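**Student:** Before we start, here is the structure in question, set down as structure tokens.
The values are calculated or read from the model by the stated rules, or taken from the named source; none is laboratory data. Here the structure is a predicted model, which means the values were calculated and not measured. So basically every Cβ, Gly included, is an ideal-geometry build from the backbone, and we count neighbours across all protein chains shown.
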């Protein structure tokens, strides 16, 4: 017995690696054949043609994904980092927040939302409402 759900790695390409789980099979690992920890790793879309009833339902993240933002200093470790004073008088440090972790199972229809806020000057202009953020990825931490 095996899952009828095929999980694709999260790299943004259509012809990558796919995983089929054999959850309670107790199979012996065969890394050369792509079988490890009761999971069969297949490469390329052609491999999926072998599975008539397979449906890709989720993606496995191969990297961490996150953003950098100014946060109030909280720990002794923060105080060792470069800081800046904000107009409200608080001392801030740039911190990473990782929202998706390596190996995380993300369903295909899952929406990932995060709240962010900005502090604007009282006399802001329309062009001040254009924001640009960077989504960082990392293969190891």
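**Student:** Tally time: how many residues in segment 80-109 are touching a helix residue (DSSP H, G or I) at 6+ places or on another chain (Cβ under 8 Å) and either closer than 30 Å to residue 60 by Cα or in a helix (DSSP H, G or I) (or both)? Explain how you work it out, then say what you get.
**Tutor:** Of the residues in segment 80-109, the ones touching a helix residue (DSSP H, G or I) at 6+ places or on another chain (Cβ under 8 Å) are 93, 95.
From what's left, either closer than 30 Å to residue 60 by Cα or in a helix (DSSP H, G or I) (or both): 95.
Going through segment 80-109 one residue at a time, the tally reaches 1.
**Student:** Looking only at segment 110-139, filter to residues that are touching a residue at least 60 places away in the same chain (Cβ under 8 Å) and assigned to a loop (DSSP other than H, G, I, E, B); which one of those is nearest to residue 63 (Cα to Cα)? So that I can check it myself, show each step before the final result.
**Tutor:** Taking segment 110-139 first, the residues touching a residue at least 60 places away in the same chain (Cβ under 8 Å) are 133-139.
Narrowing further to those that are assigned to a loop (DSSP other than H, G, I, E, B): 133-135, 139.
On the way: 133: 18, 134: 15, 135: 12, 139: 5 Å.
That would be 139.
Per-residue answers, yes or no, for (1) over 14 Å from residue 64 (Cβ atoms); (2) modelled with pLDDT of 80 or more; (3) loosely packed, with under 10 Cβ neighbours inside 10 Å:
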position	(1), (2), (3)
87	yes, yes, yes
92	yes, yes, no
99	no, yes, no
102	no, yes, no
106	no, yes, no
111	yes, yes, yes
119	yes, yes, yes
129	yes, yes, yes
